[in-house]
Amino acid sequence: MSETLSDSGRAYHLEELRIARDSASPAHLLPNIPPTCKVVLDLGCGAGQTLIASDLPSEVLAIGVDPDRGALALGRTLTDHVHFASASGEDLPFTDAAFDMVISRVALYYRNIPRALAEISRVLRPGGQVWVSVNPPSFAFQRMASAIREGSVRGFVFSLYTLANAFSLQIANRLLMWPFGRKRYESVLTTMGVRRAFKRAGFKDTNVERNRFFVVTARRG
């Protein structure tokens, strides 16, 4: 990806940072990062909004990864406390058991979830924590309704595709790649699908909090 963001891309990330810092915003959502976590990874970090807004102590090593080099370049202008790396969530460039905690805000469902969860499990120390937010099925139904109102056949079909992936993950622990245009993954997730996927990846004590997003916490077994 380009290392230069469009004006709209820059505005998006700066708005996300504003929301992350504003606890009164309806879209505000930050993980609880315990003081025992000294090495933290943000998967799909964008410009580092979540780590920046978390105001971690200086002794915490905070690392953000994202395939969008433009977003990472912006992040480097916003903070000198977060270390950024361009990487895919399915192929993390870190050694085994390197992190105390891995977080991922509204990014995991753009990845091949079984592969990404396996990588998260690999880079977490035993007992390490994971915190992710993902879209529930209601998100797909909302987009489907919008597609109908707008007369967008592609939008309607894409919403059906994300729903199909929810059940494919739940039943078979695999996702289907979007077959048209740019090849990519996207899914909404059911509660059962989340629990099964995390269990298959070796996590324990999986908890799903239902809200605007599903907020999932677990620990590596």
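Nothing in this text is a laboratory measurement; each read-out follows from the coordinates by a stated rule. Bear in mind that the values here come from a model prediction, so they are computed numbers and not experimental data. Ideal geometry is used to build each Cβ from the backbone, glycine not excepted, and the neighbour counts take in all protein chains shown.
Sorting Val132, Val65 from the fewest to the most surrounding beta carbons within 10 angstrom yields Val65, Val132. For the range 193-209, backbone phi angles converted through the Karplus equation (6.51, -1.76, 1.60; θ = phi - 60°) give residue-by-residue couplings of x, 4, 4, 5, 5, 5, 5, 5, 8, x, 9, 10, 6, 6, 10, 10, 9 Hz, Gly and Pro being listed as x.
Could you tell me whether the chain comes out rounded, prolate or oblate from its Cα gyration tensor? Rule is a ≥ b ≥ c as square roots of the eigenvalues, rounded for a/c under 1.5, then prolate if a/b exceeds b/c, otherwise oblate. The shape class here is oblate.
Of all beta bridges DSSP finds with both residues in the chain, what is the antiparallel percent, to the nearest 5? About 40 percent, rounded to the nearest 5. Amide H to amide H, with H built 1.01 Å from N, Gly64 comes under 5 Å of Asp42, His83, Phe84, Ala85, counting only residues 5 or more places away or on other chains.
Here the peptides 181-187, 166-172 are ranked by packing, the mean other Cβ count within 10 Å, and the order with the highest first is 166-172, 181-187. Listed from fewest to most Cβ neighbours within 10 Å, the set Asp205, Asp80, Asp68 follows the order Asp80, Asp205, Asp68. Mind running the shape call on the range 1-78? Use the C-alpha gyration tensor, a ≥ b ≥ c as the square roots of the eigenvalues: rounded below 1.5 for a/c, prolate if a/b tops b/c, oblate otherwise. Cα axes put the range 1-78 in the oblate bin. With 10 Å bins beginning at zero, the pair-distance distribution over Cα atoms of the range 137-188 amounts to 28, 50, 20, 1 %.
When the helices of the chain are scored as -39500 (n - 2.57) per DSSP H run of n ≥ 4 and the total is divided over every residue, the value at 222 nm lands at -12000 deg cm²/dmol.
Residues considered: Asn211, Asn173, Asn135. Largest GNM mean-square fluctuation over the chain, using C-alpha springs under 10 Å, is found at Asn211.
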